[in-house]
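Student: Right, I'll just put the structure down here and ask away after.
Throughout, read-outs are computed from the coordinates displayed, never taken from laboratory work. Only a predicted model underlies this, so the values are computations on that prediction, with no experimental measurement involved. Cβ sites come from the backbone with ideal geometry, for glycine too, and all protein chains shown count toward neighbours.
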């Protein structure tokens, strides 16, 4: 992880900011702050007060507001800024994807006939599925869904990835899943359900990914470290 790589650099004071949406975040090797800043203006104030020399946006690719605020705060303060935007998954032969724009469209795309649905989009966008109570739902999220959805047939599973293909295939078979609802998060940690669905001939309703932030973008940790070395060296040369 990026935080662990940054922690190995001597002389760097690194802070990882978490939004606070996860009740029990994983441990990290760097200092952590939890909670919002108060929008772009609040983040800009934080950057100035903390004399921050570089800002890295490594949030989830669907956390558009956080990314937009980070880019805006960097512009206001002239703090060097880069975004890590991991590549999306690309459909391969055997995938049966339906692309939709949001959870409401996903709920509608399941159809009218009762189906067994594996929902893996987190716990904050589940409300639209209450309008389709004819289906049987298996909902997986890092934290518990509170309050539960008003659905007659729903099982909640709390788990944190990475998820192996074999485990997700067994899970889908156990629950008789015939459609998966997912976000195109990219990366390997959550890809198990996608490859499992392919192997079982199960369709995937995929929420389209938002566009990347209007900022310099890289997709690997190595690229981030190279950019950071350059940014801090340039700042030191300017006497910042």
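Student: Please report the relative contact order for the chain, taking Cα pairs under 8 Å with a sequence separation of at least 6, and give it as a percent rounded to a whole number.
Tutor: RCO, the chain: 22 percent.
Student: On C-alpha positions alone, give me the angle between the axis of helix 64-77 and the longest principal axis of the chain, in degrees, nearest 10.
Tutor: Result, in degrees: 10.
Student: What does the helix-only formula give at 222 nm for the chain: each DSSP H stretch with n ≥ 4 adding -39500 (n - 2.57), the total divided by the residues, and the result rounded to the nearest 500 deg cm²/dmol?
Tutor: -9500 deg cm²/dmol
Student: Given a cut-off of 32 Å, what percent of all Cα-Cα pairs of the chain lie beyond it?
Tutor: The answer is 30 percent, as a whole percent.
Student: Roughly how many Å is it from the Cα centre of the stretch 106-151 to that of the stretch 1-20, as a whole number?
Tutor: Taking the Cα centre of the stretch 1-20 as reference, the centre of the stretch 106-151 is 35 Å away.
Student: Taking the Cα atoms of the stretch 1-131 alone, what are Rg (to one decimal) and Dmax (as a whole number) in Å?
Tutor: Rg, Dmax (Cα atoms, Å): 18.8, 60.
Student: Let me ask another. For 15, 120, 77, which order do you get if you count the other beta carbons within 10 Å of each Cβ and list the fewest first?
Tutor: So the residues, fewest neighbours to most, are 15, 77, 120.
Student: Which of 40, 130, 190 moves most in a GNM of the chain, Cα contacts under 10 Å?
Tutor: Of the options given, 130 has the highest mean-square fluctuation.
Student: How tilted is helix 221-238 with respect to the longest principal axis of the chain? Cα atoms for both, answer in degrees (0 to 90, nearest 10).
Tutor: That works out to roughly 20 degrees.
Student: May I pose another question? With 10 angstrom as the radius, rank 193, 183 by how many other C-beta atoms surround their C-beta, starting from the fewest.
Tutor: Least crowded to most crowded, the residues run 183, 193.
Student: Just need the relative contact order of the stretch 97-207 here, percent rounded to a whole number, with Cα pairs under 8 Å and 6+ apart.
Tutor: 33 percent
Student: Now for a different question. For the stretch 97-207, what is the convex hull (Cα atoms) projected area averaged across all directions, in square nanometres?
Tutor: The orientation-averaged projected area of the Cα hull of the stretch 97-207 comes to 6.1 nm².
Student: Which length gain, in nm to one decimal place, applies between residue 98 and residue 32 when the Cα-Cα distance is subtracted from 0.36 nm times their residue separation?
Tutor: In short, 20.0 nm is gained.
Student: For the chain, with a Gaussian network of springs between Cα atoms less than 10 Å apart, report the residue from 197, 58, 127 with the top mean-square fluctuation.
Tutor: 127
Student: If one takes the longest principal axis of the Cα atoms in the chain, at what angle in degrees, from 0 to 90 and to the nearest 10, does the Cα axis of helix 165-174 lie?
Tutor: Compared with the principal axis, the helix lies near 30 degrees.
Student: Got a sec? How would 178, 13 order by Cβ neighbour count within 10 Å, fewest to most?
Tutor: Fewest-to-most ranking of 178, 13: 13, 178.
Student: In addition: First obtain the Kirkwood hydrodynamic radius of the stretch 143-240 from its Cα pairs, then insert it into the Stokes-Einstein equation at 37 °C and 0.692 mPa s, and state the resulting D in µm² per second as a whole number.
Tutor: 191 µm²/s
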